[in-house]
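> Below you'll find the structure I mean.
The values are calculated or read from the model by the stated rules, or taken from the named source; none is laboratory data. Computed from a prediction, not measured in an experiment: that's the story for all the values here. So basically every Cβ, Gly included, is an ideal-geometry build from the backbone, and we count neighbours across all protein chains shown. SASA here: full protein model, heavy atoms, side chains in, ligands and nucleic acids out. Shrake-Rupley method; radii C 1.70, N 1.55, O 1.52, S 1.80 Å.
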Amino acid sequence: MTGGAPEYPTALGAASVERITLLGQDLADDVMGTVGFGELSFWLAAQRRPTAGELRVFEAVLAALADHGFTPTAIVTRLTYLSAPDSVQGALAAGLLGGGSRFLGVTEDTGLFLHDVLAGVQGGLPTDDAGWDDLALRTIRERRAARALVPGLGHHVHKNGDPRTPRLMAIAREEGVAGPYLALFAAIGRVHPQVLGRRLPLNGAGVCGAALADLGLPLPLLRAFALLARTAGLVGQLAEELRRPVANDIFLSVDLNNRPVDPEPYVPDTPA
């Protein structure tokens, strides 16, 4: 504050009578028609322009997370639009609010989990696959001893492997931006059967979290990038609902097939 007048500094959008600036650029002359939406999204979050390789990985993440069929987020968006067709924003918001620990939130959960592991390494990070495998084994054993899940491991549909995972890892390697997060995640994929006794897929949401973290994007915003991608998918769900509606069928399927049962009074847990 200077001279008693409040100041609110921002490097983002600012407007005057004659021009609009964004990230220090003239919006009309330097951004519109020149900077793609994916690049702009990265730039807004990191306040630096991505390299070509970083942008390719970032946009691959957005594509990987945009839509995955009739997930709960897609269904609730369609049902909300059925109930309130005058509120497109409500339908989109309903779907985005469902981005949590089971859908979409795994991107953030995996990135934060990997960060905690990497931050706890003493004496420098591994330099070869054997070192990463050792770190992954210790990590998985600790998680199992704590009866905690490993974020990013397992998928309810892609039991034999999520096709997004190897593709995103390959793109990151091609562009030279595969870092410690992807290295640790890949090692978890290699060694977890030794601890768990079965093989689970590394899921697409998890590998997206690892890739975004390797790009140096803010960890608290990893879920936001997943939601950014899914917004495009939900717009597509609404567009398809307009052409080939299914929301009313979903509603009627539940409404006409509900089955009355006797009440089951809630009994709170009591300490032993």
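> Quick one: net charge of LEU215's neighbours, Cβ under 13 Å, K/R +1, D/E -1?
Net charge in that neighbourhood comes out at -2.
> Compute the Kirkwood hydrodynamic radius of segment 17-121, taking the inverse of the mean of 1/r over all pairs of distinct Cα atoms, and give it in Å to one decimal.
16.8
> With only alpha-carbon atoms in the gyration tensor, what are the semi-axes of the equivalent ellipsoid for segment 88-206, in Å, largest first?
26, 17, 15
> Here's another thing I want to ask about it. What ranking, highest mean first, results for peptides 221-231, 155-165 when packing means the other Cβ atoms within 10 Å averaged over each residue?
221-231, 155-165
> Now for a different question. Starting from the 7 Å offset along Cα-to-Cβ, what nm value, one decimal, do you get for the label separation of SER83 and HIS158?
According to this spin-label approximation, the distance is 3.1 nm.
> Could you work out the percent of alpha carbon pairs in segment 1-57 separated by over 18 Å, rounded to a whole number?
I get 43 percent for the Cα pairs in segment 1-57 exceeding 18 Å.
> Roughly speaking, to the nearest percent, how much of the chain's 1.4 Å accessible area is carbon and sulfur?
Ligands and nucleic acids excluded, carbon and sulfur reach 57 percent.
> Let me ask another. For ASP30 and ALA63, what is the calculated FRET efficiency with R₀ set at 35 Å and r taken between the beta-carbons, to the nearest 0.05?
The calculated FRET efficiency here is 0.85.
> Mind checking the full-extension length gain between GLU174 and ALA239? Use 0.36 nm per residue of separation minus the Cα-Cα distance, one decimal, nm.
Going from the current span to full extension adds 19.9 nm.
> Over segment 105-163, give the accessible area per residue in Å² for a 1.4 Å probe, as an integer.
I get 59 Å² per residue for segment 105-163.
> Can you order the peptides 248-259, 51-62 by their average number of other Cβ atoms within 10 Å per residue, highest first?
Per-residue mean Cβ counts within 10 Å order the peptides as 51-62, 248-259.
> Now for a separate question. Per residue, how many Å² of accessible area does segment 176-272 show with a 1.4 Å probe?
Dividing the accessible area of segment 176-272 by its residue count gives 56 Å².
> Can you give the Rg/Rh ratio of the chain, where Rg is from the C-alpha atoms and Rh is the Kirkwood radius?
1.05
> Considering the chain as a Gaussian network with a 10 Å cut-off on Cα pairs, which listed residue, VAL17, VAL150, VAL246, attains the greatest mean-square fluctuation?
The residue with the greatest mean-square fluctuation here is VAL17.
> Going highest first, how would you order 90-98, 168-176 by mean Cβ packing within 10 Å?
Ranking the peptides 90-98, 168-176 by packing returns 90-98, 168-176.
> Pop a pseudo-label 7 angstrom from the Cα along the beta-carbon direction at both LEU219 and GLN47 and give the gap in nm to one decimal.
Going by the 7 Å Cα→Cβ label model, 2.0 nm.
> Which FRET efficiency value, to the nearest 0.05, is calculated for ARG144 and GLU7 with the Förster distance at 51 angstrom and r the Cβ-Cβ distance?
Computed FRET efficiency for ARG144 and GLU7 comes out at 0.45.
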